[in-house]
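The values are calculated or read from the model by the stated rules, or taken from the named source; none is laboratory data. Keep in mind that this is a model prediction, so the values were computed, not measured. Quick reminder, even Gly has a Cβ in these numbers, built from the backbone with ideal geometry, and neighbours come from all protein chains shown. Just so you know, the surface numbers come from the protein's heavy atoms only, side chains and all, with ligands and any DNA or RNA stripped out. Shrake-Rupley method; radii C 1.70, N 1.55, O 1.52, S 1.80 Å.
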Amino acid sequence: MNSIDRGQLLADLRAILPDHCLIDDRESQRPFECDGLPLYRELPLLVALPETVDEVQSVLRCCHRLAVPVVARGSGTGLCAGAMPHPEGVLLGLSKLNRILDIDPDARTARVQPGVSNLAISGAAAAHGLYYGPDPSSQIACSIGGNVAENAGGVHCLKYGLTVHNLLSMELLTVEGDRTSLGGTGLDSPGYDLMALLTGSEGLLGVVTEVTVKLLPTPEVARVIMAGFDSVRAAGDAVGAVIAAGIIPAGLEMMDALAIEAADEFANAGYPRDAQALLLCELDGTEQEVEHHIAAVQSVFTQCGASSMRVSADEAERQLLWKGRKSAFPAVGRMSPDYYCMDGTIPRSQVSHVLEEIARLSQHYQLRCANVFHAGDGNLHPLIMFDAGKPEEIARAERFGADILELSVAVGGCITGEHGVGLEKLAQMPSQFGEAELHQFEEIKTAFDPALTLNPGKGIPILKRCQEYRALPARHRHG
Amino acid sequence: MADALQALVEQVAGARRAGQTLRIRGGDSKVHMIGRDCHADRDLKLAGYHGVSDYQPRELVLSARAGTRISDLQLLLAERGQTLPFDPPAFAGSATLGGTLACNINGPGRPWLGSVRDAVLGVQLINGEGELLEFGGKVMKNVAGYDISRLQAGALGTLGAITEVHLKVLPLPEYSVTLAYDCSAEAALQQMAEKARQPKPLNGACWLDGRLYLRLAGAQQAVQHTAGIWGGEQVETPLWEQLRDLTHPFFDGEQPLWRLATNIHTPAEKAGAQCIDWGGSQRWLRSLPGTIPAGSHLALFAGGDRQSEVRGELDPVQQRLQLRLKQSMDPAGMLNPGRLYSWM
Ligand SMILES: Cc1cc2nc3c(=O)[nH]c(=O)nc-3n(C[C@H](O)[C@H](O)[C@H](O)COP(=O)(O)OP(=O)(O)OC[C@H]3O[C@@H](n4cnc5c(N)ncnc54)[C@H](O)[C@@H]3O)c2cc1C
């Protein structure tokens, strides 16, 4: 990589941004050194925190002119080191673009800036009886721009879809700083569906500066059934049986014994501590529909041998039952100095097999692992517990994680369902894709970013451009 | 079937070597719609490459080869109480799965049930280099690499010849009712907005010939209860199938058929035949509309001059990105030349 003239860069950015929007000194840059996966840290040359889209555009133009790498950042809750800064580049924080521009109740849309938090959209829509569907557990903090970049999911995705299903249009800045808009007010737009391509592209193809999302009417009623099972297998079968009964629950989540213990300790939700697996099944819709489906799911769970069952009687009880699930990550965090969250997605029929294998690997690596996951979607979140103070344990946790991802691919699944590849899963990309597919990704990357300066070294392995390759930390070089 | 696939790959690779262009053909149900007329040196025929390769009702996942007929898929799914949620046209049995994805063509429930673009989980395709590639997979969520599967929706085969598709399927609704109301187009738009904001099992809203039709589908009690509140006349009507398959008399005749992708705020046309579908998001018109509101997209869906551009202009930035994207998958421009835009 050509060495970058930091002085020149600083001078040029100072001409664009007010002083309080540039962070130059190392100590003040620390909060930006990593995302939600602190195993990977790096300081950038500069942190830029523009307040307007015009400023974002000027920063991009400037970086393009000077051939400086740019890494976009939303709220930094990502779990794949996607927003980790580039040591030779600018970290472009979008958190100050945090205005909700418009809520249109008749068209059921919200037009927002990229730094708006996921939950704030539903908050603003609530006055109109509407909400935004995808609800990642990090929704208080994570930004809609980050959600778009990762194609974020949540516990309600089986019924309401992922981020990609809930977008109507977006404004984009290219790496050169050129502006364009994708999508439209209707459901079809001319030419290629660049919005689909941009969603989940991890900030590698452009910078999203505005998003219009679809809103949904808030259901009349939502109730959750909690069921305990004596084995993971029985719970896994129960998930398939609900689907086979023709019911698509609003959410269908599973936890194993260790996760039940951690979550209940944390949230006091009254989870069955003696169960080997727990299912949370939410049903929403009209009063009549929910009543009908609750009865149907109860009978399915009984037939599948549920050892205990509880149905939320009111909103407070529903919130309580979910609280354990939604705080499962921090709850597990309290059981161990550090945890490492994996994200493989597998066919539902493979759930018990894969969980048994994970238990075996846990023995092998001598590291505890709690499992919390989106059972309806087959999206696993094994939480590997370790101590980052012990370098040898970090290495073991990483090997354990890599084994889980490869196992997910081996049973017909993928290495990441919603958290993205980032820097973290780059080494596993070749286990999911062949060389020709990886090459095709690379061609698409260069179509949007010929000089490879947008979030370089993330998302897709760059096979032929070794310059890029060398920018990766040593342990991610594979040949 | 492995041999048939190999033969397809060989045809694309052979054409690439020979510098020839290819016209990709499925069931020929949409040759004269959606895209421009396409002229190429040779045909690449996908209709013979058909069959369901995997169907797991409990996983809600179906995989089928591109030439598989939509009508065959719907029959198979119905046996297990499931359906293609995007309700694509079968065009009298001729429509294929590959063509359906390439055209991103969807039924009247789209705003509520999604599109084939939304349902696709993975694809296998042959790119313009004659390489057989697989993206996505058979699982509900997959964010590794770029979403090249969804990118095929609406690309009209210009980025690759789709050979196999993995889809999310859904249970058939238990019960359905259509309510009809006599009203003006303006009143219908207002009703559509009002009804769609309510958390009720609405999954179709169309205005045609002075009548508003609302379709409710889901659990029987919920549908009946809502129908009781919403009033109107409960009708048995083939309307939804006719809208889906474009067999309603509205679509007859030689005049051009325009489609405006827009939202509920766009006023109804003052003159000329129109059909308002998708709860106001899709306007079928038999003449050019007076104005096109910002953010709306007009396309010449069928008929008219199909040598000209049939869809809206792109801004220069997007045109550049789209052209580069095309070149990244089909550098020689040999797949369905000119079908999407004259310059592509
Ligand atoms: C406790 C916890 C629970 C979580 N639960 C879930 C969950 O249930 N489901 C889920 O999907 N994820 C979950 N996540 C992961 C994370 O919250 C999501 O990936 C989220 O979408 C990231 O948003 P962010 O604003 O924090 O993005 P960041 O971490 O700041 O960035 C993520 C990526 O997006 C890019 N980016 C950010 N903004 C833009 C932009 N405007 N334009 C272009 N690129 C941009 C960055 O370059 C980076 O590659 C969880 C994380 C935590 C810590």
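Condition check ((1) within 16 Å of the ligand (Cβ to nearest atom); (2) open to solvent by 10 Å² or more (accessible area, probe 1.4 Å); (3) facing another protein chain (nearest Cβ under 7 Å); (4) without any contact (Cβ under 8 Å) to a residue 12 or more places away in the chain) across all residues:
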| position | (1), (2), (3), (4) |
| --- | --- |
| A:Thr185 | no, yes, yes, no |
| A:Gly206 | yes, no, no, no |
| A:Ala222 | no, yes, no, no |
| A:Ala227 | no, no, no, no |
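I want to confirm something. Restricting to region A:1-14 and keeping residues that are in a loop (DSSP other than H, G, I, E, B) and within 17 Å of A:Arg61 (Cβ to Cβ), which single residue is nearest to the ligand (Cβ to nearest atom)? Talk me through it step by step, then tell me what you get.
Taking region A:1-14 first, the residues in a loop (DSSP other than H, G, I, E, B) are A:1-5.
This time we only want the ones that are within 17 Å of A:Arg61 (Cβ to Cβ), so: A:4-5.
On the way: A:Ile4: 19, A:Asp5: 24 Å.
This residue is A:Ile4.
Hey, any hits in region B:260-267 for a residue that's away from chain A (no Cβ under 14 Å) and open to solvent by 20 Å² or more (accessible area, probe 1.4 Å)? Can you show your working first?
Within region B:260-267, the subset away from chain A (no Cβ under 14 Å) is none.
No, there is no match, as no residue in region B:260-267 is away from chain A (no Cβ under 14 Å) and open to solvent by 20 Å² or more (accessible area, probe 1.4 Å).
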Test result for A:Ser169, open to solvent by 10 Å² or more (accessible area, probe 1.4 Å) and at the interface with another protein chain (Cβ under 10 Å from one of its Cβ atoms): yes
Residue pairs, Cβ under 6 Å, 6 or more apart or interchain, first in region A:355-369 and on the phi < 0 side of the Ramachandran plot, second open to solvent by 20 Å² or more (accessible area, probe 1.4 Å) and of a type in the set (Gly, Ala, Ser). List them. A:Cys369/A:Ser362
From the residues in region B:320-344 that are under 10 Å from A:Gly191 (Cβ atoms) and either touching a residue at least 24 places away in the same chain (Cβ under 8 Å) or among the hydroxyl-bearing types (Ser, Thr, Tyr) (or both), which one is nearest to the other protein chains (Cβ to nearest Cβ)? B:Leu325
Can you tell me how many residues within region A:69-96 are within 8 Å of the ligand (Cβ to nearest atom), among the hydrophobic types (A, V, I, L, M, F, W, C) and assigned to a loop (DSSP other than H, G, I, E, B)? 4
Checking the condition within 12 Å of another protein chain (Cβ to nearest Cβ) and open to solvent by less than 30 Å² (accessible area, probe 1.4 Å), which residue from A:Ala125, A:Ala83, A:Ala110 passes? A:Ala125
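Among the residues of region B:149-163, write down those that are at the interface with chain A (Cβ under 7 Å from one of its Cβ atoms) and not in a loop (DSSP other than H, G, I, E, B).
B:Arg150, B:Leu151
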For region A:122-146, give me the residue count where each residue is touching a residue at least 60 places away in the same chain (Cβ under 8 Å) and near the ligand (Cβ under 8 Å from one of its atoms). 9
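Within the group B:Leu257, B:Leu202, B:Leu300, which residue is buried (at least 17 other Cβ atoms within 10 Å of the Cβ) and away from chain A (no Cβ under 13 Å)?
On the way: B:Leu202 fails: away from chain A (no Cβ under 13 Å); B:Leu300 fails: away from chain A (no Cβ under 13 Å).
Result: B:Leu257 is the single residue among B:Leu257, B:Leu202, B:Leu300 that is buried (at least 17 other Cβ atoms within 10 Å of the Cβ) and away from chain A (no Cβ under 13 Å).
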Quick test for you: out of A:Phe441, A:Phe448, pick the one residue that is facing chain B (nearest Cβ under 10 Å) and touching a Gly at 6+ places or on another chain (Cβ under 6 Å). A:Phe441
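Out of A:Phe400, A:Phe386, A:Phe373, A:Phe433, which single residue is within 16 Å of the ligand (Cβ to nearest atom) and among the aromatic types (Phe, Trp, Tyr)?
Being within 16 Å of the ligand (Cβ to nearest atom) and among the aromatic types (Phe, Trp, Tyr) holds for just one of A:Phe400, A:Phe386, A:Phe373, A:Phe433, which is A:Phe373.
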Restricting attention to region A:173-183, which residues are of a type outside the set (Val, Ile, Thr) and away from the ligand (no atom under 11 Å from the Cβ)? A:Glu176, A:Gly177, A:Asp178, A:Arg179, A:Ser181, A:Leu182, A:Gly183
Starting from region A:57-79, take each residue that is within 14 Å of chain B (Cβ to nearest Cβ) and more than 15 Å from A:Asp449 (Cα to Cα) and list its partners that are open to solvent by 20 Å² or more (accessible area, probe 1.4 Å) and within 6 Å of the ligand (Cβ to nearest atom), counting only C-beta distances under 8 angstrom and pairs at least six apart or across chains. A:Gly78/A:Gly36; A:Gly78/A:Gly146; A:Gly78/A:Glu150; A:Gly78/A:His419; A:Leu79/A:Gly36; A:Leu79/A:His419
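So that you can scan it fast, the table gives a plain yes or no per residue for (1) of a type outside the set (Ser, Thr, Tyr); (2) at pLDDT 95 or above:
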position	(1), (2)
B:Trp278	yes, yes
B:Ser281	no, yes
B:Leu288	yes, no
B:Ala302	yes, yes
B:Leu323	yes, yes
Requiring at least 2 residues that are at pLDDT 95 or above, out of contact with any Lys or Arg (no Cβ under 7 Å at 6 or more places or on another chain) and crowded, with 20+ Cβ neighbours inside 10 Å, the strands (runs of 3 or more DSSP E) wholly within region B:25-68 are B:61-65
If I go through region A:15-42 residue by residue, how many of them are within 16 Å of the ligand (Cβ to nearest atom) and assigned to a loop (DSSP other than H, G, I, E, B)? 10
Every listed condition ((1) within 14 Å of another protein chain (Cβ to nearest Cβ); (2) open to solvent by 10 Å² or more (accessible area, probe 1.4 Å)) holds for A:Val148 save (2)
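To keep it simple, each residue is scored yes or no on (1) within 8 Å of chain B (Cβ to nearest Cβ); (2) more than 14 Å from the ligand (Cβ to nearest atom); (3) at pLDDT below 95.
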residue	(1), (2), (3)
A:Ala196	yes, yes, no
A:Ser201	yes, no, no
A:Thr209	no, no, no
A:Pro217	yes, yes, no
A:Val239	no, yes, yes
Of (1) touching a strand residue (DSSP E or B) at 6+ places or on another chain (Cβ under 7 Å); (2) in contact (Cβ under 8 Å) with a residue 60 or more places away in the chain, A:Ala48 fails just (2)
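Here are A:Arg41, A:Arg6, A:Arg26: which of them is in contact with a strand residue (DSSP E or B) (Cβ under 9 Å, 6 or more places away or on another chain), open to solvent by 70 Å² or more (accessible area, probe 1.4 Å) and over 18 Å from A:Val208 (Cα atoms)? Please lay out each step first, then the result.
Numbers: A:Arg41 fails: in contact with a strand residue (DSSP E or B) (Cβ under 9 Å, 6 or more places away or on another chain); A:Arg26 fails: in contact with a strand residue (DSSP E or B) (Cβ under 9 Å, 6 or more places away or on another chain).
Only one candidate passes the filter, namely A:Arg6.
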Collect the residues in region B:210-250 that are hydrophobic (A, V, I, L, M, F, W, C), more than 18 Å from B:Ala188 (Cβ to Cβ) and in contact with an Asp or Glu (Cβ under 9 Å, 6 or more places away or on another chain), keeping them in residue-number order. B:Ala217, B:Ala219, B:Ala222, B:Val223
For A:Ser431, are the conditions met, namely being within 12 Å of chain B (Cβ to nearest Cβ) and of a type in the set (S, T, N, Q)? yes
B:Ala294 being within 14 Å of chain A (Cβ to nearest Cβ), among the aliphatic types (A, V, I, L, M) and open to solvent by 10 Å² or more (accessible area, probe 1.4 Å): yes
Would you mention how many residues in region A:136-145 are under 11 Å from the mean Cα position of the chain (by Cα) and open to solvent by 10 Å² or more (accessible area, probe 1.4 Å)? 4
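Out of the residues in region A:328-352 that are among the hydrophobic types (A, V, I, L, M, F, W, C), more than 14 Å from the chain's Cα centre (by Cα) and surrounded by 20 or more Cβ atoms within 10 Å (Cβ to Cβ), state the one that is nearest to the other protein chains (Cβ to nearest Cβ). Walk me through it before giving the result.
Just the residues of region A:328-352 that are among the hydrophobic types (A, V, I, L, M, F, W, C), to begin with: A:328-329, A:331-332, A:335, A:341-342, A:346, A:351.
Checking which are more than 14 Å from the chain's Cα centre (by Cα) leaves us with A:328, A:331-332, A:335, A:346, A:351.
The next check asks that each one be surrounded by 20 or more Cβ atoms within 10 Å (Cβ to Cβ); those that pass are A:328, A:331-332, A:346, A:351.
Numbers: A:Ala328: 18, A:Ala331: 23, A:Val332: 21, A:Ile346: 6, A:Val351: 11 Å.
Result: A:Ile346.
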